[in-house]
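Chemist: This is the structure I want to talk about, given as structure tokens.
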Amino acid sequence: MKFKNKNIYVSGTANIGKNVKIGDNTVIYDNVVIGDNSIIADNCVIGEPLHNYYSDVNTYENPKTIIGKNAVIRSFTIIYASCEIGDNFTTGHRATIREYTKIGNHCSVGTNTDIQGYTTFGNYCRLHSQVFVAQRSEFGNFVFVYPGVIITDDPHPPSNISKGVIAKDYAQIGAGSVILSGVILGENCLIGAHSFVNKDVMPYSLVAGNPAKFIKDVREIRSKDTSKSHYPWMYNFERNMPWAGIGYEAWLESQKSDEQK
């Protein structure tokens, strides 16, 4: 394998797909799989060894790391060994994704975002810049997490308990919010910016404040542009969504048809 760029290390056990571009000073460790047509930018580390690599040098074997097709991994991103990431994945700069993280298709992780591992994401999740996600959290599909959000996992810090947050499909977490350990965010809920959420949020609820309190059903929120109900947001937003150009209802029907085949 030949690269025109400088100072690239690619392990002999890595499996690099077709038409993959790798930037300067990037390291790809053992047992990494990168799908076709992906871009790994400068100064990235893919398959970062786990902690026992440093103590068990003679016996350590790097777990398999998988990145799907059409990824764009921007500069200074670090993805640890054992992560499994789907197709059409993108990062900002300096993102960190720790071990045993599973991410679906069409997801993005923003600049300076830190995912602490043992966490799962469905499809079409978006984490914006400077998001912190503690361990053991679970995200459904189409969950958006806006800048500066902190998601915790320890109910009694410091303790040996690790219980992450569960965010159901279509949940929206507003900028600067803090979500405490073990909280369940219901489907289609909306967390107002800078909220402190210390208890479960029911589906279709808008909560806000410190501590966050129920404000109203999200379906009562009117768009400032049209004065019509904006939520569920899927009926009014389609950029980079699978229902772009056909509408959410038509996309749902197509999904049902595919399941019945």
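Chemist: Being among the acidic types (Asp, Glu), in the same structural domain as residue 208 (by TED's automatic domain parsing), surrounded by fewer than 20 Cβ atoms within 10 Å (Cβ to Cβ) and touching a residue at least 24 places away in the same chain (Cβ under 8 Å), is that true of even one residue in the range 152-169?
Modeler: Yes, there is a match, as at least one residue in the range 152-169 is among the acidic types (Asp, Glu), in the same structural domain as residue 208 (by TED's automatic domain parsing), surrounded by fewer than 20 Cβ atoms within 10 Å (Cβ to Cβ) and touching a residue at least 24 places away in the same chain (Cβ under 8 Å).
Chemist: Against the definition (in contact with a Pro (Cβ under 9 Å, 6 or more places away or on another chain) and either polar (S, T, N, Q) or assigned by TED's automatic domain parsing to the domain that holds residue 101 (or both)), how does residue 53 come out, yes or no?
Modeler: Spelling it out, it is not the case that residue 53 is in contact with a Pro (Cβ under 9 Å, 6 or more places away or on another chain) and either polar (S, T, N, Q) or assigned by TED's automatic domain parsing to the domain that holds residue 101 (or both).
Chemist: Which ones in the range 194-220 are of a type in the set (Lys, Arg) and in contact (Cβ under 8 Å) with a residue 12 or more places away in the chain?
Modeler: Correct list: 199, 219.
Chemist: Going residue by residue through the range 22-43, is there one that turns out to be out of contact with any Gly (no Cβ under 9 Å at 6 or more places or on another chain) and either of a type in the set (Lys, Arg) or not in a loop (DSSP other than H, G, I, E, B) (or both)?
Modeler: Looking for residues that are out of contact with any Gly (no Cβ under 9 Å at 6 or more places or on another chain) and either of a type in the set (Lys, Arg) or not in a loop (DSSP other than H, G, I, E, B) (or both), one finds at least one in the range 22-43, hence yes.
Chemist: Across the range 158-175, which residue is farthest from residue 139 (Cα to Cα) among those that are of a type outside the set (S, T, N, Q) and over 17 Å from the mean Cα position of the chain (by Cα)?
Modeler: 158
Chemist: Return the pairs, sorted by first residue and then second, in which the second residue is not β-branched (Val, Ile, Thr), the first residue lies in the range 221-232 and is loosely packed, with under 11 Cβ neighbours inside 10 Å, the beta carbons are less than 7 Å apart, and the residues are 6+ apart or on different chains.
Modeler: Taking only residues 6 or more apart or on different chains, the pairs are 228/222.
Chemist: Restricting attention to the range 113-135, report how many residues are among the charged types (D, E, K, R) and within 12 Å of residue 98 (Cβ to Cβ).
Modeler: Residues meeting the conditions: 1.
Chemist: Could you check how many residues of the range 45-74 are aliphatic (A, V, I, L, M) and crowded, with 22+ Cβ neighbours inside 10 Å?
Modeler: The number of residues fulfilling the criteria is 4.
Chemist: From 177, 181, grab the single residue that is free of Cβ contacts under 8 Å to residues at least 40 places away in the same chain, assigned by TED's automatic domain parsing to the domain that holds residue 128, surrounded by 15 or more Cβ atoms within 10 Å (Cβ to Cβ) and under 25 Å from residue 113 (Cβ atoms).
Modeler: Of 177, 181, the one residue that is free of Cβ contacts under 8 Å to residues at least 40 places away in the same chain, assigned by TED's automatic domain parsing to the domain that holds residue 128, surrounded by 15 or more Cβ atoms within 10 Å (Cβ to Cβ) and under 25 Å from residue 113 (Cβ atoms) is 177.
Chemist: While we're here: Pick out the one residue from 124, 118, 60 that is within 25 Å of residue 180 (Cβ to Cβ) and in a loop (DSSP other than H, G, I, E, B).
Modeler: Unique residue meeting the criteria: 118.
Chemist: If a residue must be crowded, with 21+ Cβ neighbours inside 10 Å and in a loop (DSSP other than H, G, I, E, B), how many such residues does the range 184-211 contain?
Modeler: Residues meeting the conditions: 3.
Chemist: Then there's this: State which residue is surrounded by the fewest Cβ atoms within 10 Å (Cβ to Cβ) when the search covers only the range 75-110 and only residues that are without any contact (Cβ under 8 Å) to a residue 60 or more places away in the chain and on the phi > 0 side of the Ramachandran plot.
Modeler: Among those that are without any contact (Cβ under 8 Å) to a residue 60 or more places away in the chain and on the phi > 0 side of the Ramachandran plot, it is 100.
Chemist: Every residue in the range 86-107 that is farther than 10 Å from residue 123 by Cα and in contact with a strand residue (DSSP E or B) (Cβ under 6 Å, 6 or more places away or on another chain), please.
Modeler: 90, 91, 95, 96, 97, 98, 99, 101, 102 - these are the residues of the range 86-107 that are farther than 10 Å from residue 123 by Cα and in contact with a strand residue (DSSP E or B) (Cβ under 6 Å, 6 or more places away or on another chain).
The values are calculated or read from the model by the stated rules, or taken from the named source; none is laboratory data. Every value quoted in this text rests on a predicted model; they were computed, and no experiment measured them. With ideal geometry, Cβ positions are generated from the backbone for all residues, glycine too; neighbour counts draw on all protein chains shown.
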